Amino acid sequence: MQNPLIGYYQNGNYVVKFYSNGTKIKQTNEDKFIAKFPDSIDLKITDYCDKNCPMCHEKSSILGLHGDLNEEFLKTLKRGTELAIGGGNPLSHPNLEKFLKEMKARGVICSLTVNGDHLIADNEHIEALIKDKLIYGLGISIQKYNQKVIDFAQKYQNAVLHLINGVFTDFNKLFDKNLKILILGYKKFGKGEQFFSNEVENNMLYLKNNISTFFNRFNVVSFDNLALSQLHIKNLLSKEEYESIFMGDDGDSSMYIDLVKKQFAKSSTSVERYPLGKDIFEMFSKINNNK
Ligand code: SF4
């Protein structure tokens, strides 16, 4: 049975279809997708986090502040926009639930990315958010194999394990468990700059050399743009296969917004950042590659 369509809209010269299982399809009759507004936004809502991970590119900590979820541009988000909400620990934001309800009422499709330990500690809260359809996707970051996280991920079709290239190495323990994984590129940014080592580099090399053998061991294997380039995924697929899965460069139809520092950019590792504006169209036009 086909998954229900939960989003359908025109953006510039293409049409976007978004299905309840997280599948997104973009179609155009032209050579290139030219967006007028972002299809997807990586939204940081807090810098508070108690995990103190040594490679945290956001440098989140227990001293981190929460962002303002009433910024004016949020009212200009288009119906169907995907909002990938993260932090810090987004579950620590006191206004998270109210915000998710407002976004749902606007037709914005929210997903949440949480650390595996926070998921286990707060699993009833997360299950309630999923049940109330306040979030569609759930990204779960793990650095090591964790059976409780795997059990949770197997229960929800839209749960995706987020694994950092060079940091997560327990891949074989995840094989053949009907899991969806997203491999994130290693960010030499924030604390990630200092954490980078020969060990990380060797782990990255191992993954680059073995990633093609993982494809059929998971339900879905996906990559962010940084991981696509670090793992040379283009070399493993035909031109047609690659073009059919590639969603565009950062800034083609996606952007990063930091509500704590009140800045936006093409991606979370961009050095060039701008102060928040009042309208998402204006903000996007500043970083859009096709302007
Ligand atoms: S990587 Fe994630 S879980 Fe770890 S300190 Fe940073 S925000 Fe917290």
Could you tell me whether segment 206-218 includes any residue that is surrounded by 18 or more Cβ atoms within 10 Å (Cβ to Cβ), among the aromatic types (Phe, Trp, Tyr), away from the ligand (no atom under 16 Å from the Cβ) and under 25 Å from residue 243 (Cα atoms)? yes
Any chance segment 32-41 includes a residue that's under 23 Å from residue 187 (Cα atoms), of a type in the set (Val, Ile, Thr) and within 16 Å of the ligand (Cβ to nearest atom)? no
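Of the residues 127, 193, only one is free of Cβ contacts under 8 Å to residues at least 12 places away in the same chain, within 26 Å of residue 250 (Cβ to Cβ) and open to solvent by 40 Å² or more (accessible area, probe 1.4 Å); which?
Working: 127 fails: within 26 Å of residue 250 (Cβ to Cβ).
Result of the check over 127, 193: 193.
In segment 195-277, which helices (runs of 4 or more DSSP H) lie fully inside it and hold 1 or more residues that are within 23 Å of residue 158 (Cβ to Cβ)? Even if it seems obvious, please write down each step before you answer.
On the way: elements: 198-210, 225-230, 239-245.
Result: 225-230, 239-245.
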Does any residue in segment 8-26 that is within 23 Å of residue 158 (Cα to Cα) come within less than 6 Å, Cβ to Cβ, of a residue that is of a type in the set (Val, Ile, Thr) six or more places away or on a different chain, and which pairs are these? 9/16; 17/25; 18/6; 20/6; 26/16
Applying the selection to segment 75-85, what residues are open to solvent by less than 10 Å² (accessible area, probe 1.4 Å) and within 16 Å of the ligand (Cβ to nearest atom)? 85
Step by step: first the residues of segment 144-157, then only those that are open to solvent by 10 Å² or more (accessible area, probe 1.4 Å) and in contact with a helix residue (DSSP H, G or I) (Cβ under 8 Å, 6 or more places away or on another chain), then the one that is nearest to the ligand (Cβ to nearest atom). Which residue is that? 146
For segment 42-50, state whether one or more residues are open to solvent by 40 Å² or more (accessible area, probe 1.4 Å), touching an Asp or Glu at 6+ places or on another chain (Cβ under 6 Å) and within 16 Å of the ligand (Cβ to nearest atom). no
Which one of these is more than 8 Å from the ligand (Cβ to nearest atom), open to solvent by less than 80 Å² (accessible area, probe 1.4 Å) and within 23 Å of residue 283 (Cα to Cα): 97, 102, 72, 58? 102
Single residue of segment 105-121 satisfying the filter (surrounded by fewer than 16 Cβ atoms within 10 Å (Cβ to Cβ) and either among the polar types (S, T, N, Q) or over 18 Å from residue 42 (Cα atoms) (or both)) that is farthest from the ligand (Cβ to nearest atom): 105
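From the set of residues in segment 227-260 that are of a type in the set (Asp, Glu) and within 28 Å of residue 87 (Cβ to Cβ), which is most open to solvent (accessible area, probe 1.4 Å)? Explain how you work it out, then say what you get.
We begin by selecting, within segment 227-260, every residue of a type in the set (Asp, Glu); these are 240-241, 243, 249-250, 252, 258.
From what is left, the residues that are within 28 Å of residue 87 (Cβ to Cβ) are 249-250, 252, 258.
Numbers: 249: 83, 250: 60, 252: 35, 258: 0 Å².
Checking each candidate, the answer is 249.
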So residue 134 ticks every box in (1) away from the ligand (no atom under 16 Å from the Cβ); (2) under 16 Å from the mean Cα position of the chain (by Cα); (3) open to solvent by less than 20 Å² (accessible area, probe 1.4 Å) but one. Which box is left unticked? (2)
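The values are calculated or read from the model by the stated rules, or taken from the named source; none is laboratory data. Keep in mind it's a predicted model, so treat the numbers as computed, not measured. Methodologically, a virtual Cβ is constructed for each residue, glycine included, from the backbone with ideal geometry; neighbour enumeration extends over all protein chains shown. The accessibility values were calculated without ligands, DNA or RNA, using every heavy atom of the protein model including side chains. Shrake-Rupley method; radii C 1.70, N 1.55, O 1.52, S 1.80 Å.
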